[in-house]
Amino acid sequence: MSNIEFVRTEMLPEKEPPASTVGPIGWMRENLFNGIWNSIITVLFVLAIVWTVLSLLGWGIQPTWNAKSLSECREIIAATGYTGHSGACWGVINDRWLQLLYGFYPLDANLLSAVSGASAAEILADPRAHVATPIVMILGYWRLNLAIILLFVGLAPVLIERAPRKLLIVTVLFPFIDVWLMWGGSIWGPAMAFVGFVLGYFAFKILAPIAGTLIAVIMSAVVPIIWWLFLSGSAASIFAGSPIDLTLEPVSSRQFGGFFLSISIGVVAILGSLPLGIVLALGRQSDLFIVKALCVGFIEFIRGVPLITLLFVANNLLNIFMPPGTNFDVILRVMIMVTLFAAAYMAEVVRGGLAALPKGQYEAADALGLDYWKAQRLIIMPQALKISIPGIVSTFIGVFKDTTLVSIISLMDPIGLSNAIRANQEWNGIVWELYAFIALLFFVVCFSMSRYSMFLERKLQTGHK
Amino acid sequence: MSELATAREIDRSKMKVSDEVAIQINNMNKWYGTFHVLRDINLTVNQGERIVIAGPSGSGKSTLIRCINRLEEHQQGDIIVDGTELTSDLKNIDKIRREVGMCFQHFNLFPHLTILENCTLAPIWVRKTPRKEAEETAMHFLEKVKIPEQANKYPGQLSGGQQQRVAIARSLCMKPRIMLFDEPTSALDPEMIKEVLDTMIELAEEGMTMLCVTHEMGFARQVANRVIFMDAGQIVEQNEPEEFFNNPKSERTKLFLSQILGH
């Protein structure tokens, strides 16, 4: 029998790994040229990518930015001696990009005329002949631009930890100011709508200690609804026309359009669907049978129906149920439908996060004496939402892209506009350039959301669990 | 025979069982659906008692202590904790949960909060303690369980033994009058069991009323003033530890003890 005794007298020092396994060379060996087949596939794919990119560049890099029509584009391309299949006609984007962004929203011609010296009528006929295009964009559409800026400022304290907390005031107020900026009219309308929320808040604050949480929650919904239905209109009309009134030129919903319309509907749907989805997800887990049945019914119904049918309902059918003479804004109806649609999906995403939490978390919260709402707010939701971030952001992105479906009910979102632009004699026959531009707009927003969600996931990472 | 939980002499000067009743359970029955898990449980726990509940798995010992803070609902009989009867009245349940701390087998720390936040959460939101005061209390108890330096880490960065000690500190921050332990060392590696037991022993030495479901018979022998043996949802035998281990009366107890101590 051989000797199995072994004793190490000296511990081994740490050594550098072999040079070929670390650094860029190591990475390439590991990931690109790991064996003969892998190397062949790498080479083939690189060739395919290079060919695709070169073809696209050949199509895309054309000196057609200033063309005034598709036929002019074709002449310019022919003059360059380009021999490819076809060339891009970017003149349509140059001509129509403001429209693709802002739709038919009326320019502030008075402001532009004050800046340029040209009369308001001249400005309206052809603004870019009198004022530099960036000025037209910034000042001509200042109401929408300001609305977007307020949106970002309002979201900053929610999205970024280091943003000053005082910006939360903007977070609370920007929805109302934005409505006023976008639709115009007296500021007292949105202000009175805001008062409804304040009343709801105080109803909860006052009733919660006296009558219990449930009654307080119900009353915090009932009080504002009463206010909005019966009182806020007359209150607003009392203040409207008084010296302390700010009015903007009213804009009708049919004039909304372009990417701004997509953003408006998308933002409302995103901001509305998350809280609504959380409530639905909690309702689905409720011990109260009726609440549970209602939530399950709502979620399954909405998820079982295509968004387009809901949009048709919003556009046509809803008027049947309204008292005659009510003018319920079409964009508002669409916003509500898209929000409800997104909320049903959100509810299922959040439910997934809730299901992933160990039961022990609920038990620990209970054992410490936290009540249901505190446990949800402090323990359950922060974790469930964190788990659900990828799903939540996917739903956000999906909803935002689904806003293009409103073109079906003849709202002028970018897709709707692209059809309208193509109906013009000058641009009849243009397809890819418009879609490429619209795709770029959507990609920038969706990709930003995706990157933000990854950043958030990394930031919220706490240890190994 | 079982090893001892600690090599040192236990300081019994403050371990006094008072006449005041902490928990009173009368004829309590519980079913899971049609399965009768707890049968006619009668138990009186006085303030200052250290009770170890032992028994084979599935005997209902965890369910019993989980009934005491209403993590499980009983269907028959009364449970009176600290003078408050447990009914479906949420106010009573919340009141009892504020007075009763609990430690779980899997710690159940909140992974999205730091150790300090784990400890201050309930005092701030349930007891309405000012944040600063809650943090001082939390640091006091974290020092007591010997991990003040981990206060700003997250639970996922700590070892199992450290996590369980944090869980004990978290419960203590609510200044409970009764502590429930549901197999606090069962999920731990052997070398970490001792640090958790040491913490529990110190707690016992300060006179805390404790109910422990555990398989640590050394702890039962040295610290408990009463050992309860449960099987098939009922209390089969209870006695002082010395008698219980050296002179078990019931056949079931003898079998159980021979199985867990016999090697």
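The values are calculated or read from the model by the stated rules, or taken from the named source; none is laboratory data. All figures in this text were calculated on a predicted structure; none of them were measured in a lab. Using ideal geometry, Cβ is built from the backbone for each residue, glycine included, and neighbour counts are taken over all protein chains shown. All accessible areas refer to the heavy atoms of the entire protein, side chains included, with ligands and DNA or RNA removed. Shrake-Rupley method; radii C 1.70, N 1.55, O 1.52, S 1.80 Å.
Observations on the structure shown:
- Per the Debye formula on identical point scatterers at the alpha carbon atoms of the range B:22-164, with no solvent, log10 I(q)/I(0) at q = 0.09, 0.17, 0.18 Å⁻¹ is -0.36, -1.07, -1.13.
- With a cut-off of 16 Å on the backbone N, the residues of the range A:74-111 near the modelled label site 7 Å out from A:Trp432 along Cα-Cβ are A:74, A:77-78, A:82-93.
- Debye log10 I(q)/I(0) for chain A, one point scatterer per Cα, at q = 0.08, 0.10, 0.11 Å⁻¹: -0.68, -0.98, -1.13
- Whichever lysines have a C-alpha closer than 30 Å to that of B:Lys16, once near sequence neighbours (fewer than 8 apart) are set aside: B:Lys61, B:Lys95, B:Lys144, B:Lys146, B:Lys175, B:Lys194, B:Lys249, B:Lys254
- The mean number of Cβ atoms from other chains found within 10 Å of a Cβ in peptide B:143-155 is 1, as a whole number.
- For the range A:136-217, the spread of Cα positions along each principal axis, largest first, Å: 56, 35, 16
- Computed extension length for A:Gln425-A:Leu294: 41.9 nm, one decimal, from 0.36 nm per residue of separation with the Cα-Cα distance subtracted.
- The GluC sites (Glu not before Pro) of the range A:1-52 meeting both criteria, a DSSP state outside H, G, I, E and B (loop) and at most 13 other C-beta atoms within 10 angstrom of the site's C-beta, are A:Glu5, A:Glu10, A:Glu14.
- Whole-percent carbon and sulfur share, accessible surface of the protein assembly as shown, 1.4 Å: 64 percent
- All-pairs alpha carbon distance profile, the range B:177-242, 10 Å steps from 0, percent: 19, 54, 26, 1
- Remark on the range A:10-113: ratio of C-alpha radius of gyration to 2.2 N^0.38 Å is 2.06.
- Cα-based equivalent ellipsoid, the range A:307-373: semi-axes from gyration tensor eigenvalues, Å: 41, 15, 7
- Residues whose amide H falls under 5 Å from that of B:Gln47, counting only those 5 or more places apart or on a different chain, are B:Ser18, B:Glu20, B:Val21, B:Ala22, with hydrogens built in the peptide plane.
- Span-rule helices in chain A, defined as complete DSSP H runs reaching 15 Å or more along the axis (Cα) with Kyte mean at least 1.6: A:36-60, A:142-159, A:168-183, A:213-226, A:258-284, A:289-303, A:330-356
- Counts of other chain beta carbons within 10 angstrom of each beta carbon in peptide B:116-126 average 3.
- Peptide A:351-363 shows a mean partner chain C-beta count of 2 within 10 Å per residue C-beta.
- Protein-only accessible surface order, largest first, of B:Arg70, B:Arg12 at 1.4 Å: B:Arg12, B:Arg70
- Were the residues from A:Thr247 through A:Val198 laid out at 0.36 nm apart, the gain over their Cα-Cα distance would be 15.4 nm.
- In order through the range B:49-60: 3J(HN,Hα) via Karplus (6.51 cos²θ - 1.76 cosθ + 1.60), integer Hz, x for Gly, Pro: 6, 10, 10, 9, 10, 10, x, x, 5, x, 7, x
- Measure of compaction for the range B:119-263 (Cα Rg per 2.2 N^0.38 Å): 1.20
- Compared with the rule-of-thumb size 2.2 N^0.38 Å for a compact globular protein, chain B has a Cα radius of gyration ratio of 0.99.
- The range A:75-225: projected area of the alpha-carbon convex hull, averaged over directions, in nm²: 16.2 nm²
- Helix-derived mean residue ellipticity, 222 nm - over chain A, DSSP H n ≥ 4, -39500 (n - 2.57), to 500: -21000 deg cm²/dmol
- FRET efficiency estimate (nearest 0.05) - Cβ-Cβ, B:Phe35 to B:Leu255, R0 35 angstrom: 0.95
- Paired Rg and Dmax values of the range A:20-80, which use every Cα atom, in angstrom: 20.4, 58
- log₁₀ of I(q)/I(0) at q = 0.26 Å⁻¹ - the range B:119-163, Debye sum with one point per alpha carbon: -0.94
- Taking 0.36 nm per residue of separation and subtracting the current Cα-Cα distance, fully stretching the chain between A:Ile149 and A:Ser234 would add 27.5 nm.
- Taking Cβ atoms as reference points and 15 Å as the exclusive limit, the residues near A:Ile299 contribute a net charge of +2, counting Lys and Arg as +1 and Asp and Glu as -1.
- Between B and A, accessible area buried - total, square angstrom, nearest 100, 1.4 angstrom probe: 2100 Å²
- For the pair A:Ser394 and A:Ile308, a Förster radius of 25 Å applied to the C-beta separation gives a FRET efficiency near 0.80, rounded to the nearest 0.05.
- The range B:136-205: C-alpha gyration tensor shape, a/c 1.5 cut-off, then a/b vs b/c: oblate
- Sites A:Arg128 and A:Asn31 - FRET efficiency at Förster radius 56 Å, r taken between beta-carbons, to 0.05: 0.65
- Rolling a 1.4 Å probe over the heavy atoms of the protein chains gives the range B:113-263 an accessible area of 40 Å² per residue.
- Residues A:Asp366, B:Asp182, B:Asp11, sorted by accessible area with the largest first, give B:Asp11, A:Asp366, B:Asp182 [1.4 Å probe; ligands and nucleic acids excluded].
- Kirkwood-type hydrodynamic radius, the range A:354-465: 17.6 Å, calculated from all non-identical alpha-carbon pairs.
- Note on chain A: Lys pairs 8 or more places apart or on different chains, Cα atoms under 23 Å apart, count 12.
- Counting all C-alpha pairs of the range A:195-267, share separated by more than 22 Å (%): 53 percent
- With all protein chains kept in place, the per residue accessible area of the range B:1-105 amounts to 48 square angstrom at a probe of 1.4 angstrom.
- Chain A - accessible surface per residue (Å², probe 1.4 Å): 58 Å²
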